[in-house]
Amino acid sequence: MADIAITCSQCSTITTVSEFADSGKLQCRECGKQLEKPGALATALAKHEQLEKGSPSPAKKSGLRLANRKHATPPPEDEPTVDKPIIPPPDPINQRDTLELRPEIKDDKRRINHAAVAGSIFVVLGSAMGYLRYGGVLPPDVIAMTTEYGWLVVVAFHVMIVLKAMTDSMLQGILCLLVPGYSLFYLFGVSDDFYLRAILAGVLVGIGQDAAIKLSGYAAQAGDVVHSFIAGGGGDIR
């Protein structure tokens, strides 16, 4: 921003003002005469002469308007006019995407922390199973039945894990089926099924020890049979 030095025509006093100062409010500080900024008088005279000559609006704008009028061609008279069908605007209610009918439910599902929910299930189920098995609240015959047939529950879970692994990957399913103990490794180390993992872990708190004893005994018996078969030269295969 620059300053302008204005000399009073009456008392020759020099007044310094800003170039953006209002010309109508400039007065000499000595005599009070109205001051005018340099060039303001010439600008006013030029505007006055332009108004007296009646100069039209700028040529660029008028040229654009004339050009638009020249290029605007009316439609041919011989061509028949066809009434276009009036298409009503689409109904915003019927135009909704079928996948976004309940977006609020999608948002709620995305906020669920499945690991936290599965952890809560494990804590509740594991505490209940441990209390029932080792808390002395069940009668002895129920405890004996659990000890005798609890391994069947573990086998059922094993079948479920094998089916899930085959759904995810056929190789993982074959490994779970053939390799002993691989189903547990797949569920707890490879799979992302938090809920099946939490339920199995909670159940194993109550029947895991008894099932392991039973299954190890059956595995030892099966190993003895295979060993005897191999030692006997394959047995009678006729």
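Some points to look at:
- Cβ pairs under 7 Å, 6+ apart, first in region 148-160 and in contact (Cβ under 8 Å) with a residue 12 or more places away in the chain, second assigned to a helix (DSSP H, G or I) and of a type in the set (Lys, Arg): 151/214
- Only one of the listed residues (220, 201) is of a type in the set (A, V, I, L, M) and more than 44 Å from the chain's Cα centre (by Cα). That residue is 220.
- If you go through region 173-216 and keep only what is of a type in the set (S, T, N, Q) and in a helix (DSSP H, G or I), you end up with 183, 209, 216.
- Qualifying residue in region 150-165 (condition: among the basic types (Lys, Arg), more than 22 Å from residue 129 (Cα to Cα) and in contact with a helix residue (DSSP H, G or I) (Cβ under 9 Å, 6 or more places away or on another chain)): yes
- Matching residues in region 153-190 - criterion: being over 21 Å from residue 216 (Cβ atoms), surrounded by fewer than 17 Cβ atoms within 10 Å (Cβ to Cβ) and of a type outside the set (A, V, I, L, M, F, W, C): 167, 168, 169, 189
- The residues of region 188-207 that are over 13 Å from residue 154 (Cα atoms) and free of Cβ contacts under 8 Å to residues at least 40 places away in the same chain, listed by number, are 188, 189, 190, 191, 192, 193.
No lab work stands behind these numbers, since they all come straight from the coordinates. Computed from a predicted structure; not experimentally measured. Every residue, glycine among them, receives a Cβ derived from its backbone with ideal geometry; neighbour counts consider all protein chains shown.
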